[in-house]
Amino acid sequence: TVGAVAIDRYGRMACATSTGGMTGKLPGRVGDTPLVGAGGYCDDAGGASSATGHGESIAKVCLCHQIIGLMQSGLGPKEATQRALTNMQNRTGGTAGAITLSNKGQVGIHFNSKRMAWAYVRNGEVHSGINPDEDEIELL
Amino acid sequence: IDPVILVHGGAGDIPEWRVPLKLHGVRKAARAGYVSLSKDECSALDAVEAAVKVMEDDEAFNAGKGSVLTIKGTIEMDAIIMEGKNLKTGAVAGLSNVSNPVTVARLVMDSTPHIFLAGPGANSFAREKGVPFASDDELITDFARQALDDFIHGRGEATSELGQESKHG
């Protein structure tokens, strides 16, 4: 799965997610990706989020909607993403990751799978990582 | 507000040899999205579409070219795009023979009263909107074929990037 979230200079937000699914899936299987609130969710009143990982688990808890809801309750994007993923793992046993932006441009990245590739650009810097707590910085 | 683009290239048990490919791809996608954000008529929507298209075109990722295969060896892709001002949304599922499912999702959002098209209807919609046809040979990679073969023969760890629970759905 791949995904992106963005905020532009006018404060408008968007998210997108795209996937091929899981190897050996049954024809006709649809995962979390195209489901509003599961594979992606965006509301300028809170933020934008895109998910990746075990699709059935993500869909069961409407992961991205839950993340944005937690943010609207006052949590920052990092804490909201982490809490929603922990809840998902506790309730379903599945692992996943998500990227989140707040409507102030704050970044939240978390995954409870082994790895998740991510990158973001802000203020002329490209940040990226794939292992937990990694943050490599290079100039744009 | 300072524009920001944030992307991911998938989560799971990504093997060591795929790590540089993934990192290169997500950095390239984030840069492409930021270029879109930096234009005069900047739009977060344009930026996320541009970034995702870069990764759909990169066979290091499970989307577009490089998508994993169903048990029958076919490709079925899903995508969503959403904006936060009016909650406008477009999504597709079970899409085949297009390079950029996210663009078809955007067309659903921009040119229909619906939010979600699936299967044959989504494929017909893409054709009607002039989305170029991409053959299976263009989209299916050797890595995806190997992953399906490993899955069928119970050797999933060699190529799977999903956790143990994911192999069983």
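Rounded to the nearest 10 degrees, the angle from helix B:119-128 to the longest Cα principal axis of chain B is 50 degrees. Axis angle, to the nearest 10 degrees, between helix A:63-72 and the longest C-alpha principal axis of chain A: 40 degrees. Taking every C-alpha pair closer than 8 Å and separated by at least 6 residues, the mean separation divided by the residue count of region B:90-143 gives a relative contact order of 43 percent.
Every helix of 4 or more DSSP H residues in chain B counts as -39500 (n - 2.57), and over all residues that averages to -13000 deg cm²/dmol at 222 nm. Over chain A, all Cα pairs binned in 10 Å intervals from 0 give whole-percent P(r) values of 13, 45, 33, 8, 1, listed from short to long.
Considering only alpha-carbon pairs that sit under 8 angstrom and 6 or more positions apart, the relative contact order computed for chain A is 18 percent. Comparing Cα centroids, region A:72-123 and region B:1-66 end up 17 angstrom apart.
Here's the picture: charge each Lys and Arg Cβ at +1 and each Asp and Glu Cβ at -1 in chain B, and of B:Val54, B:Ile71, B:His153 the one pushed furthest to the positive end of that dipole is B:Val54. Helix B:44-56 axis versus longest C-alpha principal axis of chain B: approximately 20°, rounded to the nearest ten. For B:Ala118, neighbours were defined as the other residues whose beta-carbon sits under 13 Å from its Cβ, and their charges (Lys and Arg +1, Asp and Glu -1) total -1. In this structure, the residue pairs whose Cα-Cα separation is over 20 Å, taken from A:Lys60/A:Lys104; A:Lys60/B:Lys22; B:Lys22/B:Lys53; A:Lys104/B:Lys85; B:Lys28/B:Lys53, are A:Lys60/A:Lys104; A:Lys60/B:Lys22.
Cβ crowding within 10 Å, taken as a proxy for footprinting-reagent exposure, orders B:Phe143, B:Phe133 from fewest neighbours to most as B:Phe133, B:Phe143. Note: relative contact order over region B:1-145, using C-alpha pairs below 8 Å and six or more positions apart, is 19 percent. What does the C-alpha gyration tensor say about the overall shape of the protein assembly as shown? Classify as rounded when a/c is under 1.5, otherwise prolate if a/b is larger than b/c, or oblate. Rounded shape, in that the Cα axes give a/c under 1.5.
Each value in this text was obtained by applying a stated rule to the coordinates, not by laboratory testing. Just so we're clear, the structure is a prediction, and the values are computed from it rather than from any experiment. Neighbour counts run over all protein chains shown; Cβ positions are idealised from the backbone, glycine included.
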